[in-house]
Amino acid sequence: MAIAFDTLGYAKHLRDAGISQKTAEAHAEAARDFIMAELVTKSDLAAALEAQTMKLTIRLGGMLVVAVGTLGVLIRLT
């Protein structure tokens, strides 16, 4: 999901504050290209959380299998 950034409105706000049009447009483009590209959306966070949850579930399952197997071997040896 993309986040909309109103570069025209941003540049207009800067122009209204006394910044030249060329500088205002350069700031708006820089904000769009460099700042907005680094923002994370809720769907990005949800996907990352889901991936981490899957990794942890698999790791815990593997540890449980090893622990039960080790316990079984120790019980048979005694």
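Nothing in this text is a laboratory measurement; each read-out follows from the coordinates by a stated rule. Not measured: the values here are computed from a predicted model. We place every Cβ from the backbone using ideal geometry, glycine too, and count neighbours over all the protein chains shown.
Which of the helices in the chain, when you take each full DSSP H run, stretch at least 15 Å along the axis at their Cα atoms and have an average Kyte-Doolittle score of 1.0 or higher?
In the chain, the long hydrophobic H runs are 42-77.
Could you work out how far apart the two model spin labels at MET54 and THR70 are, taking each label as a point 7 Å from the Cα in the direction of the beta carbon, and quote it in nm?
2.8
Excluding residues on the same chain fewer than 8 positions from LYS22, give the lysines whose Cα lies under 21 Å from its Cα.
Cross-link targets: LYS12.
Just one of (1) 0.93; (2) 0.95; (3) 1.56 is Rg/Rh (Cα atoms, Kirkwood Rh) as worked out from the coordinates here. Which one is it?
Given (1) 0.93; (2) 0.95; (3) 1.56, the calculated one carries the label (3).
Place +1 on the Cβ of every Lys and Arg and -1 on the Cβ of every Asp and Glu in the chain, take the dipole about the Cα centre, and give the residue among ALA31, ILE58, LEU71 whose Cα lies farthest towards its positive end.
LEU71
Under 20 Å from a point placed 7 Å out from the Cα of THR41 along the Cα-to-Cβ direction: which residues of the range 1-32 have their backbone N that close?
1-8, 31-32
With an 8 Å Cα cut-off and a minimum separation of 6 or more residues, compute the relative contact order for the chain in percent.
27
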